[in-house]
Amino acid sequence: MDEVNTAANTNHVPSSNFAKEVEAMPGGADIAKCIQCGMCTASCMVASTTDKYRPRKLIQMILLGLREEVLSSDLPWLCMTCRMCEERCQENVNLAEIFHAVREIAAREGYIPPAFKNAIDVVLKDGWMLEDAYSDFIEDDRDDLGLDTDLSWNKKFVAKLKKKYFKGVFIK
Amino acid sequence: MKEFALYAGCTTPVRLPAYEASVTKVLEKFGVKLIPMKDVNCCGAQYIESVSYNAFAAMSGRILALAESMGRDILAICGACSGSLKIVKHELDNNEKLRAEVNSLLEDEGLKYTGTVEVKHLLQVFREDIGYDAIKAAIVKPYNGVRLAAHYGCHVLRPPDIVHVDDPENPTIIDRIVEIAGGVAVDYTGKTRCCGGPMLGIDEEVAGKIGTDKIDNIRAANVDGIITACGFCDIQLTQVQFGNEAEGKERIPVLQLTQYLGVALGIDAEVLGISLNKISPAHILATQ
Ligand code: SF4
Ligand code: SF4
Ligand code: SF4
């Protein structure tokens with residue numbers, strides 16, 4: 001993840017095959033509508049909290065075809081998908097979905113932040129997120145509140161999905 | 001009696017069981033019965049959603065199909081789950097190819113998605129199924145002027161054309177219920193901004209800063225408490241007040257909407273799990 005390719009060793013395609021690749025993904029269709037006004041960055045809490053993330057700039061990098069730089073960076077994963085920017089964007093660009101599409105491409109090529117990879121491994125093994133966190137102590141709380149202590153999560157279905165969608169890709 | 005299939009999600013049952021209990025008890029008061037869903041899987045929000053659109057559709061799709069087999073609409077109480085289920089429902093209703101693929105995965109379990117169930121977030125049930133008049137009529141222990149800030153939750157409100165919960169720029173459901181129960185709904189800067197919760201997986205420091213910024217804005221409005229309608233938000237807004245950045249500052253109690261309302265309906269605080277809240281809301285309850 002940390003290795004970011006520089007402009008020097010990457011061949012940029014101005015018409016951007018990368019933008020077309022994203023456009024063809026589910027959720028990616030609207031990227032070409034962006035007019036680079038910057039309203040998304042202005043409304044983004046992540047951008048106002050850290051210098052490392054600017055949604056307008058990330059869209060621009062995709063439009064320009066900076067494929068390797070985008071896919072090998074943390075940038076597409078820094079969106080909280082809060083959709084505040086989408087609420088404000090006058091061109092109806094759905095940034096959160098575009099960034100999901102980019103993540104899917106990145107993941108296929110092996111770029112996936114460790115925290116995401118771990119969470120995905122857990123979900124595909126247990127069927128849900130918090131099996132390890134569900135302690136006897138919490139079971140007692142549930143019991144006291146009159147709630148069922150048997151959460152009965154289904155594990156079989158995720159095993160099936162793992163085989164179908166994640167085989168040999170990036171989840172071992 | 002109206003009945004819903006309750007999809008409680010991953011987070012709430014483990015990290016915030018009081019929310020699940022208070023939702024159940026409060027809705028019961030209004031004649032809404034919840035049937036907890038069994039044999040479900042995670043909705044796929046955020047993590048699976050990030051890496052496989054089809055696997056995400058299958059995970060939420062299976063939950064929708066299970067509700068169909070129960071013949072009940074779904075109630076979701078966390079923003080992330082209600083958002084996922086609604087988005088996937090929208091996709092499956094409009095994308096035949098995806099629907100066929102999901103159904104092929106469900107076939108051997110005897111499940112099928114046909115699109116007959118609705119997904120509602122808790123706030124919709126209050127507004128659409130119960131109604132403000134009925135809530136008003138049921139208040140027996142009103143609060144007296146307690147000042148409260150509503151936090152709605154991004155995925156509860158957005159994208160508005162799919163989730164259909166409230167006005168995304170100026171939401172009012174929580175605020176109205178706060179006032180009906182005798183509290184004062186207080187506006188604050190950045191009311192519809194994110195709590196920072198989804199950032200926890202990738203950058204904890206930034207997540208903490210975003211949450212702290214939210215708390216600081218709320219504090220500036222001089223409130224007695226925060227009211228939430230998303231388990232994930234509730235946990236994040238509580239957690240950030242125990243972090244380094246919050247040192248030396250007085251903590252603002254976070255109450256789930258159903259805990260706040262439940263007390264005004266005359267339900268015992270213990271039944272609503274209020275003693276499990278990490279920041280004691282005693283001074284809010286004392287205004288009754
Ligand atoms: S607000 Fe919309 S049009 Fe403007 S830069 Fe962002 S994505 Fe592009
Ligand atoms: S959806 Fe992503 S880019 Fe848009 S405002 Fe939220 S965090 Fe920023
Ligand atoms: S406010 Fe935060 S935790 Fe709640 S739904 Fe939105 S992103 Fe998720």
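Bear in mind that the values in this text are calculations on the coordinates, not laboratory data. Here the structure is a predicted model, which means the values were calculated and not measured. Here the Cβ positions follow ideal geometry from the backbone for every residue, glycine too, while neighbour counts run over all protein chains shown.
Using the alpha-carbon centroid of each, what span in Å lies between the stretch B:213-288 and the stretch B:16-30?
Distance between centres, Cα-based: 16 Å.
Mind checking the stretch B:1-81 for trypsin sites (Lys or Arg not before Pro) that DSSP puts in a loop (not H, G, I, E or B) and that have at most 14 other Cβ atoms within 10 Å?
Those that pass, being in a loop and sparsely packed, are B:38.
How large is the Kirkwood hydrodynamic radius of the protein assembly as shown, counting all unique pairs of alpha carbons, in Å?
Final number for the Kirkwood radius of the protein assembly as shown is 22.7 Å.
Of A:146, A:28, A:110, which is the most mobile in a GNM of chain A whose springs link Cα atoms less than 10 angstrom apart?
A:146
Using 1/(1 + (r/R0)^6) with R0 = 35 angstrom and r between the beta carbons of residue B:278 and residue A:57, what's the FRET efficiency to the nearest 0.05?
Working: r = 38 Å, r/R0 = 1.09.
Plugging the Cβ-Cβ distance into 1/(1 + (r/R0)^6) gives 0.35.
Which pairs in the list A:167/B:89; A:117/A:162; B:2/B:120; A:156/B:86 are over 20 Å apart, alpha-carbon to alpha-carbon?
In this structure, A:167/B:89; A:156/B:86 exceed 20 Å between Cα atoms.
How large is ³J(HN,Hα) for each residue in the stretch B:80-96, as worked out from phi by the Karplus curve 6.51 cos²θ - 1.76 cosθ + 1.60 (θ = phi - 60°), to whole Hz, x for Gly and Pro?
Those phi angles translate into 4, 6, 4, x, 4, 4, 6, 5, 5, 4, 4, 5, 5, 6, 10, 10, 4 Hz.
Calculated from DSSP H runs of 4 or more alone, at -39500 (n - 2.57) each and per residue, what is the 222 nm mean residue ellipticity of chain A, nearest 500?
It comes out at -13000 deg cm²/dmol, rounded to the nearest 500.
Measure nothing but the geometry: give the 0 to 90° angle between the long axis through the Cα atoms of B:204-220 and the longest principal axis through the Cα atoms of chain B, rounded to 10°.
Tilt relative to chain B: about 50 degrees.
Under the rule of at least 5 residues apart or a separate chain, name every residue whose amide H is placed under 5 Å from the amide H of residue B:150.
It is B:186, B:227, by chain and number.
Applying the Karplus parametrisation 6.51 cos²θ - 1.76 cosθ + 1.60 with θ = phi - 60° to the phi angles of the stretch A:29-37, what ³J(HN,Hα) value in whole Hz is obtained for each residue in order, glycine and proline being reported as x?
4, 8, 4, 5, 6, 5, 9, 6, 7
Counting other Cβ atoms within 10 Å, which GluC sites (Glu not before Pro) in the stretch B:166-255 have at most 10 and lie in a DSSP loop?
B:247, B:250
Who wins for biggest fluctuation among A:49, A:149, A:41 in a Gaussian network model of chain A, springs between alpha carbons below 10 Å?
So, out of A:49, A:149, A:41, the one fluctuating most is A:149.
Tell me which cysteines of chain A come out unpaired when the rule is another cysteine's Cβ under 4.7 Å.
A:34, A:37, A:44, A:79, A:89
Quick one: compute the contact order of chain A, relative version, from alpha carbon pairs under 8 angstrom and 6+ residues apart, as a percent.
23 percent
Can you tell which of B:216, B:187, B:108 shows the greatest fluctuation in a Gaussian network model of chain B with Cα springs below 10 Å?
B:108
Applying the Karplus parametrisation 6.51 cos²θ - 1.76 cosθ + 1.60 with θ = phi - 60° to the phi angles of the stretch B:16-28, what ³J(HN,Hα) value in whole Hz is obtained for each residue in order, glycine and proline being reported as x?
Result, ordered by residue: 8, x, 4, 5, 4, 5, 5, 4, 4, 5, 5, 5, 4 Hz.
Sort out for me the Cα centre separation of the stretch A:109-123 from the stretch A:150-164, rounded to whole Å.
What the calculation gives is 17 Å, centre to centre.
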